[in-house]
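Inspection log for the structure reproduced underneath, given as structure tokens.
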There are 2 protein chains.
Amino acid sequence: MAKVTANDVARYAGVSQSAVSRVFTPGASVSKAMEKRVREAAIELGYRPNILARSLITGSSRTIGVVISYLNNQFYPELLELLSRELRTRGYHPLMFIASNQDDIEEVTAEILDYQVDGVVLASVSMSSGLADRCQAAGIPVVLLNRTVENNAFHSVTTDNRSGGALIAHHLIDNGFKRIAFLAGWEQASTQRERERGFLDAMHKRGVSLHSRGVGNFDFDMTKEAVRQMLQADTRPDAIFFANDHMAFAGIGVIEREFGLRIPEDISVVGFDDVPLAAWPSFELTTVRQPAESMVLETLRLLFDNQQNQEPQHIELAAELIVRRSCPQRSGDTE
Amino acid sequence: MAKVTANDVARYAGVSQSAVSRVFTPGASVSKAMEKRVREAAIELGYRPNILARSLITGSSRTIGVVISYLNNQFYPELLELLSRELRTRGYHPLMFIASNQDDIEEVTAEILDYQVDGVVLASVSMSSGLADRCQAAGIPVVLLNRTVENNAFHSVTTDNRSGGALIAHHLIDNGFKRIAFLAGWEQASTQRERERGFLDAMHKRGVSLHSRGVGNFDFDMTKEAVRQMLQADTRPDAIFFANDHMAFAGIGVIEREFGLRIPEDISVVGFDDVPLAAWPSFELTTVRQPAESMVLETLRLLFDNQQNQEPQHIELAAELIVRRSCPQRSGDTE
DNA sequence: CTGAAAGCGCTTACAG
DNA sequence: CTGAAAGCGCTTACAG
């Protein structure tokens, strides 16, 4: 009924408490006989080591703080699931923090540190430099996932968003679109800025200028409104690139349901992320795939391979264009 | 650089270590002068109490184990977000465990207990009775969220799934549908069973029999296949009730894209959950709303109000029919 | 109100 | 290989 400790097991098995500890410490030296005796007693009594007590000594809580926001964009549940799985295989577990508003992050991270986490992953949230110092001081590695930050003070893992934007520009131009529009996400976000920059640079190089631009802020309802504005203009775009899939889904709804236009016949749509929804028959969205699994693996590598005072690394993974019905490849029609 | 402890603060402020502890323990008796002196020193040195050490003594880790699976159904990210927010306001944080396959649960829960969590929430996963004993023995409260289990050994919070199923039956019959089909979820799940039972009982009472039945297992691709079968039959249903929204989205894709049928003119569709996606213009899904926020609040109530050896409680919250385009109310047509 | 001391459940040098 | 002892960073009776 009461919690059973290493001492209880030791008494029961007639050995010392240190022996019990050794049996449950990988790599410690114990004889086969001792091991057997202790394990049997442990099972008998239902003993399992208390991780908290262990952490106090080893200085490692086997816990990683994961700060995430914006779960209604399906990309983040996907990252979370992968992260959780991979951490577990390494003997770690995520302590979750869902940050609603940007202002929260300071407070949230302070709370995380109180739990003595062994590292922090920030997905889709940026970080103030005040926290930088605090994590640095505590010697806790921090990795930004799907974000970078101005001063480059932290490790980060992203897709090569500029190249991704360029892939889309080339796809649209190659397929003969003449009135190409862009719908921006939250303009403070590095993902948004890089995607747009890569997109516009490639357009410029090909001598094509943007037909129109709106801002959806990565928000569903704001995107709907921005698309309405675009479609009510004198000349409509013949293709729209949305800065992420989530916004593209909002746009598709407005285009098909509110304006009765056909995709891709009347207007083509491209997104960014390749979330599972993008492949659904209702959308079949042409998009740029972010390699979620590789992103998570790189994140963990940076977290665990961490040398003291190592220079922050910025990993950029290759983007891949996924062509589907919403903006198909027109055969031969290139140029 | 090194971690700063209560002892460091005590030395710096010229007081005892117990005094420092008291300043950071709500409700402990300290003079204003002492408090000021210690707090200043703490800020100066960047001190924050180590939660692990505190937990070891108080026996409370301020951590709740949250086991969840099936994040591709948007209902679960939604629950997770609410849960995380509410826990935080109470000074707790979720330790996340994403259970991929059902077999995992035993192992996962054992790991959770090692972290000395103060409670466990199981969302969308069932629990073996072996674990029941272990949690009981450890005195850790367990709440099932959106599930019940045969033997009723645990607290649970669900929507009244039977009434929800009945609401849908009445809506369909009242609107004159004659060939009503049901697409079942994972048949082991209590949610699936209850929804179907409420639905069929109400149909039976109104003297209407089911046109056809398929099984989608709560899985997107299996649902698509099941819907194809249904639509290829000699007589097609004129309305389909899917056991959850996630499956309904798969069905809508097949109906509209693969068979070129119109919703609701050719065939009507109803789901269950009312996830955010259901309101999207591409779907506008008629469904039964699960009151996610109330579910989470009740879950926390059961978790924290827990008396020793209290009888398991089974909370069922009211279901509400949300009528949208995919199966609208036909005015006046109600028999 | 304050401090000295015991102790939470472990790990880890240190002897033997 | 094994045990006795110190100690991780706190909280909490116990005196004063």
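FYI, it's all coordinate maths here, none of it is from the lab. Since we're looking at a predicted model, the values are computed, not measured. Cβ: placed from backbone, ideal geometry, glycine included. Neighbour counts: every protein chain shown.
Can you tell me the dipole magnitude for the stretch B:1-119 around its Cα centre, using point charges on the Cβ only (Lys, Arg +1; Asp, Glu -1), in Debye to the nearest 20?
Magnitude of the dipole: close to 1140 debye.
Please report, for B:Gly260, the nm distances (one decimal) from its label point, 7 Å out from Cα along the beta-carbon direction, to the equivalent points in the remaining copies, shortest first.
Going from nearest to farthest copy, the values are 2.0 nm.
GluC sites (Glu not before Pro), restricted to the stretch A:23-79: which are DSSP loop and have at most 14 other Cβ atoms within 10 Å?
Passing sites in the stretch A:23-79 do not exist.
Measure off 7 Å from each Cα along the Cα-to-Cβ vector at A:His314 and A:Asn152, then give the distance between these two points in nanometres to one decimal.
0.5
Run the dipole for the protein assembly as shown about the Cα centre, Lys and Arg Cβ at +1, Asp and Glu Cβ at -1, nothing else charged, and hand back the magnitude in debye, nearest 20.
About 1380 debye.
Excluding A:Ile315 itself, what net charge comes from residues whose Cβ is under 9 Å from its Cβ, given Lys and Arg +1 and Asp and Glu -1?
Numbers: positive: A:Arg301; negative: A:Glu298, A:Glu316.
Surrounding charge for A:Ile315 is -1.
Give, in whole angstrom and from largest to smallest, the semi-axes √(5λ) of the equivalent ellipsoid of chain B, with λ running over the eigenvalues of the Cα gyration tensor.
Equivalent ellipsoid semi-axes, largest first: 51, 20, 17 Å.
Modelled label-to-label distance, B:Ile57 and A:Arg179, 7 Å Cα→beta-carbon offset: nm?
7.2
Along the charge dipole of the protein assembly as shown, pointing to its positive end and built from +1/-1 on Cβ of Lys, Arg, Asp and Glu, which listed residue (B:Ile57, B:Leu321, B:His246) has its Cα farthest out?
With unit charges placed on the Cβ atoms, the residue in question is B:Ile57.
Among A:Thr299, A:Pro276, A:Ile263, pick out the residue whose Cα is farthest towards the positive end of the charge dipole of the stretch A:219-327, where Lys and Arg carry +1 and Asp and Glu carry -1 on C-beta, about the Cα centre.
A:Ile263
Exactly which GluC sites (Glu not before Pro) in the stretch A:114-196 are in a DSSP loop and have at most 14 other Cβ atoms within 10 Å?
A:Glu150, A:Glu187
Over the stretch A:1-43, what relative contact order in percent results from Cα pairs under 8 Å that are six or more residues apart?
Relative contact order here is 36 percent.
So which trypsin sites (Lys or Arg not before Pro) in the stretch A:31-100 pass both tests, a DSSP loop state and at most 13 other Cβ atoms within 10 Å of the Cβ?
Taking the stretch A:31-100 and a limit of 13 other Cβ atoms within 10 Å, the loop trypsin sites (Lys or Arg not before Pro) found are A:Arg90.
Which value in deg cm²/dmol, rounded to the nearest 500, describes the helix-derived mean residue ellipticity at 222 nm for chain A, given -39,500 (n - 2.57) per DSSP H run of n ≥ 4 and division by the residue count?
So the helix-based figure for chain A works out to -12500 deg cm²/dmol.
Taking the C-alpha atoms of the stretch A:161-290, how large are the radius of gyration and the largest Cα-Cα span, Dmax, in Å?
When restricted to Cα atoms, the stretch A:161-290 yields Rg and Dmax of 13.0, 35 Å.
Once the label point is set 7 Å along the Cα-to-beta-carbon vector, what list of distances in nm do you get between B:Ala279 and its counterparts in the other copies?
2.9
Find the relative contact order for the stretch A:161-290 and round it to a whole percent, using C-alpha pairs within less than 8 Å whose residues are 6+ positions apart.
Averaging sequence separation for qualifying contacts and normalising by length gives 24 percent for the stretch A:161-290.
Suppose we keep just the DSSP beta bridges with both residues in the protein assembly as shown; what percent of those would be antiparallel, to 5?
10
How big is the charge dipole of chain B about its Cα centre, in debye rounded to the nearest 20, if each Lys and Arg gets +1 on its Cβ and each Asp and Glu gets -1 on its Cβ? Mind dumping the intermediate values first?
Numbers: 34 positive and 43 negative charges, 243 e Å.
So the magnitude is around 1160 debye.
Of A:Gly119, B:Ala202, A:Thr235, which is farthest towards the positive pole of the protein assembly as shown's charge dipole, taken about the Cα centre with +1 and -1 on the beta-carbons of Lys, Arg and Asp, Glu respectively?
A:Gly119
Taking neighbour counts of Cβ atoms within 10 Å as a proxy for exposure, in what order, fewest first, do B:Leu321, A:Leu52 appear? Write out the running numbers ahead of the final one.
Numbers: B:Leu321 18, A:Leu52 21.
Starting with the residue having the fewest Cβ neighbours, the order is B:Leu321, A:Leu52.
Hey, in the GNM for chain B with a 10 angstrom Cα cutoff, which one of B:Ser124, B:Ser60, B:Ser31 fluctuates hardest?
Result for chain B, Cα springs under 10 Å: B:Ser31 fluctuates most.
For the protein assembly as shown, build the convex hull from the C-alpha positions and give me its volume per residue in Å³.
Numbers: hull volume 130.1 nm³, N = 670.
It comes to 194 Å³ per residue, whole-number rounded.
Using only alpha carbon positions, build the gyration tensor of the stretch A:6-49, then give the equivalent ellipsoid semi-axes as the square roots of 5 times its eigenvalues, largest first, whole angstrom.
Equivalent-ellipsoid dimensions as semi-axes: 14, 10, 10 Å.
At B:Glu44, with labels set 7 Å past Cα in the Cβ direction, how many nm apart are the copies from this one, shortest first?
5.5
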